[in-house]
Amino acid sequence: PFSNLASVNPRFPLQRTVAMAPKGSKRASQGAAADVNKKPKLNSMMVGVVDALGQATDLPQDCLAMLEAGVPGCLGPPANERHQLQSSMVTWIGETIESVEARLRQAVDDEAAKVATVKLAFEEAERVVSDAKGNLEAKGDVVATTKAANNEAAQAVKSAKAGLTDAQVAQTRGDASLAEAGKLIEEYGGALKDHVDYLKKEEDSFDANIAKTHTNQVMRIAKKLGLDDSLMTALPSACTTKPSQRGTFDKMVISELEGSFQSKVAALTEEMNTGAEATAQRAAAVTANEQVVQAAEDAQKEAEAALAAAQAAQGEAAAGLREAEKGSKAKAAEQAAAEELKKKAEQVLENFIGYNVLCFNSLRDKVSNPEVAASPAPDTSVSPAAAKSTTPVAGSEA
């Protein structure tokens, strides 16, 4: 259909009628040619229309050039003075500008959709951050709990070891007294068997010198029994006297000595027998405390392992939070970038409507009838970016 505009498009001179100069008038012929080749001058609003057409990137270049060329011839005359072909051209120019506007609106919608998408992604990233914070807080509570349990386990080990030490000390002391009693039984029993028995031998086997040696040993051991001083004084003489020559007093001294040793051995033996049960009880106490210590140490190891696992989980949660915050920051940047692109797309659309569309509407709707209310033409002294978005009405500009 663009071929129908040839009569109003200076780029299609074949359809344009040019007055022929009389023969012989060379100057007139040259002037007519100049009129044909002269490019129409564009006013400021026509510039806005041409600029709008230049944004119709989906049109073939030759069609776009034809529309641009038809701007002054078709939009220059008032609407009520246009030829039908001029009106058709104006319609095509309008449709082209509408397609550009539609594309710009679609661009805004596309950017708005991207903003909505990245906004949802950012909200999801923030939810992940919130979950990560909650997870880290929960892991921190677990660490606090396991740390307290670990401290309690360590204290339990300390208390158990103190109990074991007390049991071992009691065992050592109790067993030491019995051990001493056993040594005394061996010593006193040995004195009876090795020394006192010799002092009681018959006369044939009794030797005074040997008896004196046994007496010295008996005297040494007898001092531990706490015997009466008079008895201790009489012992050397009575012990070294031959049994057949001993008087009643000497025999009484020997008998008293023997009885003292026997009584002491009997008492110590009774002490040993009585202390055996206590020894077993002390040993059992030590064994029980050892088991308590072992159980406490096992519990402490478990508590330490639980604390280490909790701390590791806390570290992983902290790393997860850092990663979530990093992702949220990236999504926030994406959202900001998308919003900026949307804002730019909106500004481009606003400028296009406020300047380019307004220029076209003003030229398209202007009439020569003075009775029609005229609207002021757009202020073309400012740049397209500064133009306001308004609803165009009829204007009057030649």
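Here are the numbers for the structure shown:
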{"read-out": "Which listed residue is open to solvent by less than 30 Å² (accessible area, probe 1.4 Å), under 30 Å from Cys359 (Cα atoms) and among the polar types (S, T, N, Q), from Gln106, Gln86", "value": "Gln86"}
{"read-out": "Residue list for the stretch 147-169, filter: open to solvent by less than 50 Å² (accessible area, probe 1.4 Å) and over 43 Å from the mean Cα position of the chain (by Cα)", "value": "Gly163, Leu164, Ala167"}
{"read-out": "For Ala385: the one exception among (1) modelled with pLDDT under 95; (2) closer than 26 Å to Glu81 by Cα", "value": "(2)"}
{"read-out": "Gly174 free of Cβ contacts under 8 Å to residues at least 60 places away in the same chain and in a helix (DSSP H, G or I)", "value": "no"}
{"read-out": "Set Thr274, Thr269, Thr215: member being of a type in the set (Val, Ile, Thr), over 30 Å from Arg173 (Cα atoms) and either in a helix (DSSP H, G or I) or at pLDDT 80 or above (or both)", "value": "Thr215"}
{"read-out": "Candidates Ser255, Ser244, Ser237, Ser263 - the one that is in contact (Cβ under 8 Å) with a residue 24 or more places away in the chain, of a type in the set (Ser, Thr, Tyr) and either open to solvent by less than 60 Å² (accessible area, probe 1.4 Å) or assigned to a helix (DSSP H, G or I) (or both)", "value": "Ser244"}
{"read-out": "Pairs, first farther than 29 Å from Ala324 by Cβ in the stretch 132-159, second open to solvent by less than 60 Å² (accessible area, probe 1.4 Å) and polar (S, T, N, Q), C-beta under 9 Å, six or more apart", "value": "Asn150/Gln300; Ala153/Gln300; Ala154/Gln300; Ala156/Gln300; Val157/Gln300"}
{"read-out": "Sole exception among (1) at pLDDT below 85; (2) surrounded by 13 or more Cβ atoms within 10 Å (Cβ to Cβ); (3) farther than 27 Å from Thr241 by Cα for Ala176, by number", "value": "(2)"}
{"read-out": "Residue count, the stretch 201-212 (criterion: part of a loop (DSSP other than H, G, I, E, B) and buried (at least 17 other Cβ atoms within 10 Å of the Cβ))", "value": "1"}
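The values are calculated or read from the model by the stated rules, or taken from the named source; none is laboratory data. Predicted, not measured: the structure shown is a model, and the values here were computed from it. Here Cβ is always computed from backbone atoms with ideal geometry, including for glycine, and neighbour counts include all displayed protein chains. Only protein heavy atoms, including side chains, enter the accessible area calculation; ligands, DNA and RNA are left aside. Shrake-Rupley method; radii C 1.70, N 1.55, O 1.52, S 1.80 Å.
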